[in-house]
Amino acid sequence: MENEKSLTFGGYMIEGHVPVADIRRLLDERPNAVGLEVPGVPYGSPGHGPESEREAYVVHLVNREGTTEPFTNYEAA
């Protein structure tokens, strides 16, 4: 996970422009994982353009083994 926007929150690493709703869900569900990531800078993700013009992107759950899996799929607006 390498991104200009990273933080540790609630024991998890958050990389990229992850929506607050996904962080809340992560903290509610507490999976055995490293954290969440959004690769790149998708237009319409938090802080990058209006959500009404969002391009499709995926928030990934980063597992402790280093693998990833989809956590939330955001369709294009």
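The values are calculated or read from the model by the stated rules, or taken from the named source; none is laboratory data. Please read all numbers here as calculations on a predicted model, not as lab measurements. Glycine gets a Cβ as well: all are built from the backbone with ideal geometry, and neighbour counts include every protein chain shown.
Scanning segment 59-77 for residues being farther than 23 Å from G11 by Cβ and in a loop (DSSP other than H, G, I, E, B) gives a total of 3. Applying a threshold of 6 Å to beta carbon distances and a minimum spacing of six or more residues, or different chains, the list of pairs starting in segment 56-77 at a residue that is modelled with pLDDT under 95 and ending at one that is not in a strand (DSSP E or B) reads A77/S52; A77/E53; A77/R54.
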